[in-house]
Amino acid sequence: MSTFKQNTPDGRAERGLAHPGPAGGPPLRPSTPPGAAQEPSPRPARAPATVADITRPSPATVAEYDHVAAAAYLMKHAGSAAVVVLGAQHGNPPIGVITEADIARTVADGMDVNTTRIHDLLTAHPAAIPAAASIRDAARTMVNGGFRQLPVADGTGWIGIVDIADVCGALLAPPAA
């Protein structure tokens, strides 16, 4: 294997081994994008204690009789992997969550996202986790149920969504002092 020399963003030169690359082609070298962080990002001083500490309000909501394409559009523009679905009765309460995975399955099954209604994809009684639950309980619920997003409820109803990335980040944070 050949070696390579690469300058880091702070001007230091580093040497390393280059992968031989495809047959007849140039060697492949790892690259660091300009301005990329060299140090891990600082962690918060204390770890979140409960699911409520990491819950995010849903950036968008859809109605149960909207088309699946409407949910996909809202997710894209909200930068979210899931949106809360509101029911059509009794003041539009949250009744479920539609996720990127639900939309992907719809497309993979050959269904038309412009004609398929969201209520056709919803689970009858979706899992939710209490806001006072521990982060470990949320992780356990997500692993056991195969969920990447989970609605969070308090005594008054749903208050938001917790994402698997938020749960993992909280579990990796230093313990509370």
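The values are calculated or read from the model by the stated rules, or taken from the named source; none is laboratory data. Please read these numbers as outputs of a predicted model, since none were measured by experiment. FYI the Cβ positions are ideal-geometry reconstructions off the backbone, even for glycines, and counts take in every protein chain you see.
Things to note:
- Among residues of the range 67-91 that are on the phi < 0 side of the Ramachandran plot and surrounded by fewer than 16 Cβ atoms within 10 Å (Cβ to Cβ), those with a beta-carbon under 9 Å from a residue that is assigned to a strand (DSSP E or B) and modelled with pLDDT under 90 at least six positions away or on a different chain give the pairs Ala88/Ile95.
- Each residue in the range 144-177 was checked for being more than 20 Å from Ser80 (Cα to Cα) and either buried (at least 20 other Cβ atoms within 10 Å of the Cβ) or not small (Gly, Ala, Ser) (or both), and 7 pass.
- Only residues that are farther than 30 Å from Ala173 by Cα and either among the hydroxyl-bearing types (Ser, Thr, Tyr) or not in a helix (DSSP H, G or I) (or both) were counted across the range 83-129, and they come to 26.
- In this structure, Ile135 qualifies as more than 14 Å from Gly160 (Cα to Cα), out of contact with any His (no Cβ under 7 Å at 6 or more places or on another chain) and modelled with pLDDT of 90 or more.
- Output for the range 146-177, where each listed residue is under 11 Å from the mean Cα position of the chain (by Cα) and not β-branched (Val, Ile, Thr): Phe147, Arg148, Gln149, Leu150, Asp163, Ala165, Asp166, Cys168
- Only one of Ala132, Ala138 that is in a loop (DSSP other than H, G, I, E, B) and touching a residue at least 12 places away in the same chain (Cβ under 8 Å): Ala132
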